[in-house]
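Worksheet: the structure to be examined is printed underneath.
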Amino acid sequence: MKLPLVHFFETSFGRIDDKHFIVVRAEGGGAAGYGECVAEQDPYYSAETNETVWHVIKDFLAPRVIGAAFAHPRDVFPALGAIRGHHMAKAAVEMAAWDLFATLGGIPLSRAIGGTRDRIASGVSIGIQPSLDALAAKVERELAAGYRRIKIKIKPGWDIRPVEFLRERFGAIPLMVDANAAYTLADAGHLAALDAFALMMIEQPLDYDDIADHATLQRRLQTPICLDESIKSVHIAREAIAAGACRIINIKPGRVGGIAQSIALHDLCASHQMPVWHGGMLESGIGRAANVHLSTLPNFSLPGDVAASQRYFDPDVIDPPIEVAADGTIAVPTGAGLGVGICAERLERATLRKLTLDASDVSGVKSHIR
Ligand code: OSB
Ligand code: MG
């Protein structure tokens, strides 16, 4: 799919104007489930891209799930265990299985995963802006809309000054920064200057596969480190926690291999009294709805990057869109499965390429998979 973004989004990786993404539709038992993949066009946030996802789903994941019987969607990730990595591809397929399971059971996805709340606290992620005035205008608008936490993207040359400026202008608002791996340990002294601004956290300051340096940096900072890119699996999260590499974790199902792995990560963090929040990847309403459901687990105790549809797409591919209330919360859909109305005509209009696979398409591959 290709959907134009309402506003361009700029991070330390660069700028995007349109969101390109893959949607998986899984049919079974007379119903359908949807999964949205969070991979992007470029391998900057993660090694996966839409092209690798297409290849891996078609040639490796589909043959393992089409025609297979699963007692529960938690069995899908283990069934894909022979394939290393490719968590975003796996998560898209697994999400479709969860939606299908909850839809067939007539229950909302939040109930299928054991969620405990009917509204979630919402925050926003504000990209790098052309000027401090442009940043102020954005922050002002989001605070007026009720959002409970402001995150700004930073990079070398756009870090201390915007934070200082926002503190001067808006006072003690709930504020955090996300560096998307733009620094090295040599910048520790520079990053320590952020300690003066009582930030809720600094997200992913160092490299995407670095645990040890984050542990060193955390010892030098008062500001809590939150890891995003580095937490590529539940195993790595266990290592990061043991090393003291972070005090908070951002959960994105696409990064760790799906909803079941996200629940395991959530539970691991809870057992270490480590708060988590739900990250965002500029999802359409399909992936956004799943994020809302997952955020109903109890240890999602900080506002996440799960905001209203209208910040991203106009129109979204779901109708009605996901909306934020004046108190900065989003209602959890109560219908079966994802509980949102997917607009088939809008989805069709956004579609660039389509592939349908059934049991006969994958039977040749199936006979020699392990
Ligand atoms: O690092 O959290 C990130 C978007 C794309 C890739 C990575 C990130 C982000 C965001 C946006 O911060 C969150 C959102 O509003 O969906
Ligand atoms: Mg991030």
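The values are calculated or read from the model by the stated rules, or taken from the named source; none is laboratory data. Keep in mind that this is a model prediction, so the values were computed, not measured. Note that we place each Cβ from the backbone using ideal geometry, even for glycine, and neighbour counts take in every protein chain shown. To get the accessible areas, we keep the full protein, side chains included, count just its heavy atoms, and leave off ligands, DNA and RNA. Shrake-Rupley method; radii C 1.70, N 1.55, O 1.52, S 1.80 Å.
What shape does the stretch 73-192 have by the C-alpha gyration tensor, where a ≥ b ≥ c are the square roots of the eigenvalues, rounded means a/c under 1.5, and otherwise prolate means a/b greater than b/c and oblate the rest? Because a/c hits 1.5 or more and a/b fails to exceed b/c, the stretch 73-192 counts as oblate.
Listed by chain and number, the lysines whose C-alpha is less than 24 Å from the C-alpha of Lys58, apart from same-chain residues fewer than 8 away, are Lys2, Lys19, Lys90, Lys232, Lys252, Lys354, Lys366.
Summed over the residues of the stretch 119-222 and divided among them, the accessible surface reaches 40 Å² per residue at a probe radius of 1.4 Å.
The spread of Cα positions in the stretch 172-246, taken along each principal axis and listed from longest to shortest, comes to 36, 26, 20 Å. Length available on full extension from Asp314 to Ala198: 0.36 nm per residue minus the Cα-Cα distance, which gives 38.3 nm. Our coupling estimate for the stretch 33-49, obtained by passing each phi through the Karplus curve with A = 6.51, B = -1.76, C = 1.60 and θ = phi - 60°, is x, 10, x, 10, 8, 8, 4, 10, 6, 10, x, 9, 6, 9, 5, 6, 9 Hz, Gly and Pro reported as x. Tell me, what % of the accessible area of the stretch 199-281 is carbon and sulfur with a 1.4 angstrom probe? Ligands and nucleic acids excluded, carbon and sulfur reach 52 percent. Compute the Cα gyration tensor for the stretch 1-137, then decide on rounded, prolate or oblate, letting a ≥ b ≥ c be the square roots of its eigenvalues: rounded whenever a/c is under 1.5, prolate when a/b is larger than b/c in the other cases, and oblate in all that remain. Cα axes put the stretch 1-137 in the oblate bin. When the chain is fully extended, how far beyond the present Cα-Cα distance does Leu104 get from Asp267, taking 0.36 nm per residue of separation? Gain on extension, Leu104 to Asp267, equals 56.1 nm. Computed from phi, the 3J(HN,Hα) profile of the stretch 56-67 under the Karplus parametrisation 6.51, -1.76, 1.60 (θ = phi - 60°) reads 5, 5, 4, 8, 10, 8, 3, x, 8, 10, 5, x Hz, with x in place of Gly and Pro. With protein chains left intact and a 1.4 Å probe, residues in the stretch 233-319 average 27 Å² of accessible area per residue. Note on the stretch 71-165: dipole from Cβ charges, positive end direction compared against Ile154, Gly106, His72; the farthest Cα belongs to Ile154. Counting only DSSP H runs of at least 4 residues, each contributing -39500 (n - 2.57), and dividing by the residue count of the chain, the helix-based mean residue ellipticity at 222 nm comes to -9500 deg cm²/dmol.
Give me D for the stretch 232-337 in µm² s⁻¹, whole number, from Stokes-Einstein with Rh from the Kirkwood sum over alpha-carbon pairs, 10 °C and 1.306 mPa s. Result for D is 110 µm²/s. To the nearest ten degrees, helix 160-170 and the longest principal axis of the Cα atoms of the chain are 80 degrees apart.
In sequence order, the stretch 136-146 has phi-based couplings of 4, 5, 5, 4, 4, 5, 5, 5, 5, 6, x Hz under the Karplus curve 6.51 cos²θ - 1.76 cosθ + 1.60, θ = phi - 60°, and Gly or Pro positions carry x.
The alpha-carbon positions of the chain define a convex hull whose volume is 127 Å³ per residue.
Please give the FRET efficiency for Thr334 paired with Leu5, using the beta carbon to beta carbon distance and R0 = 25 Å, rounded to the nearest 0.05. Walk me through the intermediate numbers first.
Details: r = 29 Å, r/R0 = 1.15.
The formula returns an efficiency of 0.30 here.
Taking Cα atoms only, the orientation of helix 87-105 departs from the longest principal axis of the chain by about 60 degrees.
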